[in-house]
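Participant: Once you've had a glance at the structure underneath, I'll fire off some questions.
The values are calculated or read from the model by the stated rules, or taken from the named source; none is laboratory data. Note that the coordinates shown come from a computational prediction; the quantities given were computed from them, not determined experimentally. Cβ coordinates were reconstructed from backbone atoms using ideal geometry, including for glycine residues, and neighbour counts include every protein chain displayed.
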Amino acid sequence: MQPLPSNWETWDADRLEAEVRGHNARYWDDAAPTISDYDYDRLVERLKAVNPNAAVLQAMGPSDATRAGNAVTHQNPMLSLDKAYDEDALLKWADKFEGLLVMTPKIDGVACSIRYDATGHLVVAATRGNGITGEDITANVMRIANVPTQIEAGQALEVRGEVYLPMARFRELEGQFANPRNTAAGALKQKDPDKSAQVGLRFFLYDVYGVEFDTEIHKFEWAAAHGFSPVEHELVRRDQVQEGYERYVARRADLDFEIDGVVFKADDLDEQRRLGATAHHPRYAIAYKLQGDSAPTILEDVEWSVSRNGVLTPVGIVAPVKLSGAVVTRISLANWGLVKAKGLSLGAEVVAMRRGGVIPYLEAVVKPGDREIHPPSNCPACDSPAEVDGDFVRCTSGGDCGAQRIGVLSHFAKALEIEGFGEIWLTTLVSAGVLHDPVDFFALKAERLTQFDRMGETLANKLVAEVEKVKAGVPLATFLKALGVPGLGKTASGTLAAHYRTLEAVRAATPEQVVALPKFGELLAAQVLEGLAAKADLIDRLLAVGVVVQPDETPADAGPTDGPLNGQSFLFTATLAAMKRGDAQDRVKALGGEAAAGVSKKLTYLVVGAEGKAGSKLTKAEKMGVKVLQEDEFIALLEAAEAEA
Ligand code: IVH
């Protein structure tokens, strides 16, 4: 980049206009600007001041007056990588070419293209965007410490790689950002390059265009000699790929960058040219995905578990598979709607996924199976007829079902922190008719409990004492949550308690008032109030046995209680297969999250429904580097957050 001459402020309108035209052409036509965005903006501003009617300004239009954030067309499309989940698939791929393989870690950052002109100046940097056009992030990339802004003069060329946030830096910034990848994406889109530079991004190079090489290894050597930091790399034979991959798995926690797989490429560039690419990915490269997160398996059976609200939830029984170090045999299939939407059948080859401690779930169906899945005709717990209601299958017992009872009691005990009532004891006590509903906890007598096997006097007394202790004072928010009203989780209970203070006031609340509370929408407000009304008898009986509900004393300005999705925003596109969009928004809000109105840089997630077309929101979100969640990933995240709430 060249500085503006010292006398530029003396230029007249004609000269300014000619300069802007020249820079436009170098930027747009040659993709080789010679001045910085900042200086370009200064020229445009000056021209606007001396001749606001200059033809070049009219032609540019207001939105083009500044180049930051503008689209950059890639000289070669930026493709994706094909994926392999096991050694067999990887070796099958490697069978298609001759010679060695290059192994590199797949960095979980933001793909970036950087162009240099023939004088060696860094001229444009862009995000991947939709692969054809990306977003101009030149000013920020110029501030990444290990990206040279000037290299040896020679020919115009392009380097590609991953911008990432080193883990050590992420830990220093702990608490400010959700994860290193989002932090990097956000910092790259920063309007102020100083602020972007403060984040401490780095760049790993994995490709070079415009220079002749014969092997990948020579490419990396060239890159290092020209001041770049190539991604770490190693030549491997076919019998070493699995061992190489496992070494990365073992090192994962100690690396200073996050990885989500290991990339293998044919080392020989002649072989690469011979193999070519599809519209989506090059055939000479593949990502061996970390099985810590996802792995292929076979869906062997579907079991239906009964939730405390009487919904029969399908659970996939899969051939044992290792995810994040644990052997998994059961995966969440969310609901009947998802089973239908995915066209799932028994014997299907599926990909199971587990992220950040979330309950494992179905990520994708790779190959259909050979046996149809039917919704159950009866509740597996109480044998009452089961009924398909849209995407859900429900037990029609109206609550008179052992499994539902145990679910309700377990939820109540957990919410009130009544210790000692695990699923096994609850099952015993429900089967014996000792416990029916939560009120029965408060009528338990040690003499009755000691009649059960393995229940000694000490344990029985302890359980009764636990119940008595809890009865003496339950905070309002805890009491509300314990009722098990759909939608009334930790966040919504906290909001109601902080606003209304007493149980009587909550019970007298109207839908109009509740809608106005933070994090409540119309659907959630109606759901919660109807749910509370349905529990009126239970509430009265709990009070009658002497449960003391303590008024809320949160200071008035404390705001709503935090939920697990606090600080996260969700926007929906396409049609959700498993639930209505309004319900999804309500569930997000009930967990402290926000339902966003449009795509913006602040958006945490764009959720793509499994049905219909995603359209412009998706394009925009991808352009802005917003994390995109497929519907099943969203459901898994939601369920994990609900379990936490
Ligand atoms: S090779 C077709 N090597 O993974 C692109 N890519 O899913 C081939 N990535 O957007 C690139 N680490 O930004 C390659 N060591 C690595 C990589 C890597 C991360 C990203 C890349 C691309 C995505 C493909």
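Participant: For the stretch 100-125, which positions are under 29 Å from Gly186 (Cβ atoms), hydroxyl-bearing (Ser, Thr, Tyr) and either surrounded by fewer than 22 Cβ atoms within 10 Å (Cβ to Cβ) or within 16 Å of the ligand (Cβ to nearest atom) (or both)?
Facilitator: Answer for the stretch 100-125, where residues must be under 29 Å from Gly186 (Cβ atoms), hydroxyl-bearing (Ser, Thr, Tyr) and either surrounded by fewer than 22 Cβ atoms within 10 Å (Cβ to Cβ) or within 16 Å of the ligand (Cβ to nearest atom) (or both): Thr104, Ser113.
Participant: I would also like to ask the following. Exactly one of (1) at pLDDT 90 or above; (2) more than 15 Å from the ligand (Cβ to nearest atom) is unmet by Glu135. Its number?
Facilitator: (2)
Participant: Also, I was wondering about something else. What are the pairs with Cβ atoms under 9 angstrom where one residue, in the stretch 256-282, is more than 21 Å from Ile217 (Cβ to Cβ) and the other, located anywhere, is away from the ligand (no atom under 12 Å from the Cβ) and aromatic (Phe, Trp, Tyr)? Sequence gap at least six, or different chains.
Facilitator: Glu258/Phe170
Participant: Would you check if Tyr288 is surrounded by 21 or more Cβ atoms within 10 Å (Cβ to Cβ), hydroxyl-bearing (Ser, Thr, Tyr) and within 28 Å of the chain's Cα centre (by Cα)?
Facilitator: On the way: surrounded by 21 or more Cβ atoms within 10 Å (Cβ to Cβ): yes; hydroxyl-bearing (Ser, Thr, Tyr): yes; within 28 Å of the chain's Cα centre (by Cα): yes.
Spelling it out, Tyr288 is indeed surrounded by 21 or more Cβ atoms within 10 Å (Cβ to Cβ), hydroxyl-bearing (Ser, Thr, Tyr) and within 28 Å of the chain's Cα centre (by Cα).
Participant: So Ala71 ticks every box in (1) modelled with pLDDT of 95 or more; (2) more than 16 Å from the ligand (Cβ to nearest atom) but one. Which box is left unticked?
Facilitator: The failed condition is (1).
Participant: Name the single residue that is farthest from the ligand (Cβ to nearest atom) among those in the stretch 268-297 being modelled with pLDDT of 85 or more and polar (S, T, N, Q).
Facilitator: Thr297
Participant: Which condition number does Ala482 fail, the rest of (1) without any contact (Cβ under 8 Å) to a residue 40 or more places away in the chain; (2) in contact with a His (Cβ under 8 Å, 6 or more places away or on another chain) being met?
Facilitator: If we test Ala482 against (1) without any contact (Cβ under 8 Å) to a residue 40 or more places away in the chain; (2) in contact with a His (Cβ under 8 Å, 6 or more places away or on another chain), just (1) comes out false.
Participant: For the stretch 264-276, what are the residues that are surrounded by fewer than 16 Cβ atoms within 10 Å (Cβ to Cβ) and among the small types (Gly, Ala, Ser)?
Facilitator: Gly276
Participant: Quick one: count up the residues across the stretch 322-355 that are assigned to a strand (DSSP E or B) and among the polar types (S, T, N, Q).
Facilitator: Of all residues in the stretch 322-355, those assigned to a strand (DSSP E or B) come to 322-323, 326-332, 345-346, 349-353.
Filter once more, so that each one left must be among the polar types (S, T, N, Q): 329, 332, 345.
Of the residues in the stretch 322-355, 3 are assigned to a strand (DSSP E or B) and among the polar types (S, T, N, Q).
Participant: Related question: Checking Ala498 against (1) farther than 25 Å from Gly399 by Cβ; (2) surrounded by 21 or more Cβ atoms within 10 Å (Cβ to Cβ); (3) under 29 Å from the mean Cα position of the chain (by Cα); (4) modelled with pLDDT of 85 or more, only one condition comes out false. Which one?
Facilitator: Evaluating Ala498 over (1) farther than 25 Å from Gly399 by Cβ; (2) surrounded by 21 or more Cβ atoms within 10 Å (Cβ to Cβ); (3) under 29 Å from the mean Cα position of the chain (by Cα); (4) modelled with pLDDT of 85 or more leaves (3) as the failure.
Participant: Continuing with this model, one more query. Given the conditions (1) within 16 Å of the ligand (Cβ to nearest atom); (2) surrounded by 16 or more Cβ atoms within 10 Å (Cβ to Cβ); (3) at pLDDT below 95, which single one is not true for Met167?
Facilitator: Every condition holds for Met167 apart from (2).
Participant: Of everything in the stretch 251-267 that's within 23 Å of Leu201 (Cβ to Cβ) and small (Gly, Ala, Ser), which residue is modelled with the lowest pLDDT?
Facilitator: Step one: filter the stretch 251-267 for residues within 23 Å of Leu201 (Cβ to Cβ), giving 251-263.
If we keep only those that are small (Gly, Ala, Ser) as well, we get 253, 261.
Numbers: Ala253: 76, Gly261: 91.
Selected residue: Ala253.
Participant: Take the stretch 546-557 and flag every residue that is in contact with a Ser or Thr (Cβ under 9 Å, 6 or more places away or on another chain) and modelled with pLDDT under 70.
Facilitator: Thr554
Participant: Filter the stretch 395-428 for residues that are buried (at least 16 other Cβ atoms within 10 Å of the Cβ) and in a loop (DSSP other than H, G, I, E, B) and give the result.
Facilitator: Across the stretch 395-428, the qualifying residues are Ser397, Cys401, Ile418, Phe421.
Participant: Gly369: assigned to a loop (DSSP other than H, G, I, E, B) and surrounded by fewer than 15 Cβ atoms within 10 Å (Cβ to Cβ), yes or no?
Facilitator: Numbers: assigned to a loop (DSSP other than H, G, I, E, B): yes; surrounded by fewer than 15 Cβ atoms within 10 Å (Cβ to Cβ): no.
Spelling it out, it is not the case that Gly369 is assigned to a loop (DSSP other than H, G, I, E, B) and surrounded by fewer than 15 Cβ atoms within 10 Å (Cβ to Cβ).
Participant: Additional query: All but one of (1) out of contact with any Pro (no Cβ under 8 Å at 6 or more places or on another chain); (2) away from the ligand (no atom under 15 Å from the Cβ); (3) of a type in the set (D, E, K, R) hold for Glu158; which doesn't?
Facilitator: For Glu158, the exception is condition (2).
Participant: List the pairs whose first member sits in the stretch 534-553 and is basic (Lys, Arg), whose second member is modelled with pLDDT of 95 or more and surrounded by 16 or more Cβ atoms within 10 Å (Cβ to Cβ), and whose Cβ atoms are under 6 Å apart, counting only residues at least 6 apart or on separate chains?
Facilitator: Final answer for the pair search is Lys535/Leu483; Arg541/Val439.
Participant: Going residue by residue through the stretch 434-444, is there one that turns out to be surrounded by fewer than 19 Cβ atoms within 10 Å (Cβ to Cβ), of a type in the set (Phe, Trp, Tyr) and modelled with pLDDT of 95 or more?
Facilitator: Yes.
Table: residues versus (1) at pLDDT below 85; (2) aliphatic (A, V, I, L, M).
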site	(1), (2)
Ala544	no, yes
Gly559	yes, no
Asn566	yes, no
Arg581	no, no
Ala596	yes, yes
Leu603	no, yes
Leu606	no, yes
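Participant: Between a residue in the stretch 500-521 that is on the phi > 0 side of the Ramachandran plot and any residue that is part of a helix (DSSP H, G or I) and crowded, with 16+ Cβ neighbours inside 10 Å, which pairs come within a Cβ distance under 9 Å, given they are 6 or more apart or on different chains?
Facilitator: Arg501/Leu476; Lys519/Thr491; Lys519/Ala492; Lys519/Thr495; Lys519/Lys589; Lys519/Ala590
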